[in-house]
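Input: a single structure, listed below in structure tokens.
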Amino acid sequence: MKKKNLNNVGFQGTESELLAMTRELDDMHHDVGMPAMWEGVSNMIDNLSDNTQARSTSRRTFLLGVGGAVAGGAILSAGLSPLLAGAATLQKPATSSVLTSKTFPPAGLKGDLAVAAVAASLENLAVYAYNAGLKAATAGKLGTVPPAVGTFVTTALAQHTQHAEAWNAVLASNGKAKVTEVNPTLAPTVNADFAKVTDVAQLAELALTLETIAAETYQAETSKLMSKAAIGLSASIQPVEMQHIAILYYVLGEYPGIQTSGGATLAFSPINQAV
Amino acid sequence: MNVDQRALAELLEESQDLQADAMRPTHEALDELVEVNRAASPSEPNENLQFHEEHKRGVLSSLTTAPLLAAAGGLTLVGALASAASASSSQDIQILQTAASIENLAVATYKTALTLPYIGSSSANAVVNKFARVTMNQHAQHADAFNAAAKALGGKAQTKPDPAFVPVVNKAVASLSGASAAKGTLGVVGLALELENIAAETYVKDTTLVASSVNKALFASVMGVEAQHVAVLLAVQALLNAGAPQLISLAPGTAGMLPAAAGSVGFPNAFYKTNTAAPATQGAVK
């Protein structure tokens, strides 16, 4: 892991202006963007459902359910040992089934629904890691945390929560159980990597890896999914993960765009890290 | 702003090296794409292989021989963009041509921006300068790829900009005339942001519209790159508006100085919208 200097020197002067702008953007996001966005996602799910199996969840139920989940925050985890050396304490899942990579995606899920399960598990893993990072930072285990990094983590965490809920709503709409577990294939690696994290730069590097895997997986699936609705959902999430990646690179002092491991910028994002 | 000229020169050199390195895998990917498309549509085998390089030369040639905007004069893009695009054959071809037309406009816009001293000269912010150069190059590669895919399906290459957005760009470019460096940079960033977001939203939508899985993969490989451009421009715009251009920097320690809001301003939505996506056939070849 590369060591980066993220010293907090402190922002002078115009923080209030920037915060005001961001608040305005955030207000617009929640007042206008969010309902419209969830409406769009629910339409996708309706369309997906029309093409697959009978729904057990109405659109209204979905909208209410998602709203509650987004407000609620934490995603559950199973299949992960209590990692992070005490850095994070995660909520236990309601049903503590421990999945392995051999049993994932769960039996009975095929095609687009299996992809939905994998996507939800990846999002859960991201939520898990960001939550753990926040917890470690709050406990003072990562040294000084730049304000921008804190905002990045909380915002990215909220968005990954929404992504997970969207995929779980797809599963629920098709009468399938929601995936509340983290991805069992990647969890051991993330677990091991997180145990080595001692500062914010290392956390950012780990986040970069997770975001890259998520973005590349969505990218790969966009051309493999069958349902137009699922393609639309996948395609609406991939660019957001890519935006997370850009800002992470910026925070790390590297060119803020997709690049090779050697730092060469790329005009087309690859899929070699897709799961 | 204090500019370390040597560091800037190194950055520029590095930028060129990065481009050369980056082009390699891109060409390989593009060649692969063309191969796959040729397998699906056996027409024009040799033309497809030659197209990428030929079209790139054509674009670069037109850009260098017809400057779109005098550095200080604020001229319009009308001369180079006079005959814009319109309609074609199959749905995928039209969508690809429209995408190419958006990329052509983006290339022209960045090319123009780089003639402005506060974007393209040695006194410009090093990150903004590098971003403009790298991004222009990436858009040229995207245009090449979309046109190669359109040709592989039997369509024509789109070398014109999207006709619907040309007036928007012209108006924005005209407004830069006589602007100060600070206001001019903000104007360029705002214009680029608008174009990048249109591109990203269009390609997100296009993944659901194109029939071929190869073309879906192509749009999927580009949409996120445009979204990253949007994220960077949003962050740059916010820092400029906040009067903190010195924080548009990749120097060690910068992250620690960034205001909290800078950590999230680049990704305002959890799901990428498509409400400003260009209509699928808007930039198709007539």
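Just so you know, all these numbers are worked out from the coordinates, no wet-lab data involved. This is a predicted model, so every value here is computed, not measured. Note: ideal-geometry Cβ built from the backbone for every residue, glycine included; neighbour counts use all protein chains shown.
A few notes on this one:
- Scalar couplings 3J(HN,Hα) for the range A:170-176, obtained by applying the Karplus form with A = 6.51, B = -1.76, C = 1.60 to θ = phi - 60°, are 4, 5, 5, 4, 9, x, 9 Hz; x denotes Gly and Pro.
- Values of log10 I(q)/I(0) for the range A:120-275 across q = 0.09, 0.11, 0.19 Å⁻¹ run -0.29, -0.43, -1.24, by the Debye formula with one identical scatterer at each alpha carbon and no solvent.
- Gain upon complete extension [A:LYS135, A:LYS196; 0.36 nm per residue less C-alpha separation]: 20.4 nm
- Mean projected area in nm² (Cα convex hull; one quarter of hull surface) for the range B:191-265: 5.9
- The length gained by stretching the chain between B:GLN246 and B:SER122 to full extension, at 0.36 nm per residue less their Cα-Cα distance, is 43.1 nm.
- Label point distance in nm, B:SER90-A:LYS110, each placed 7 Å from Cα along Cα→Cβ: 2.9
- Neighbouring partner chain Cβ atoms per residue of A:139-151, average, 10 Å criterion: 4
- Between the range A:175-252 and the range B:210-286, the alpha-carbon center distance in angstrom: 17
- Annotation for B:LYS156 and B:ASN275: the two label points, set 7 Å from Cα along the Cα-Cβ direction, are 3.6 nm apart.
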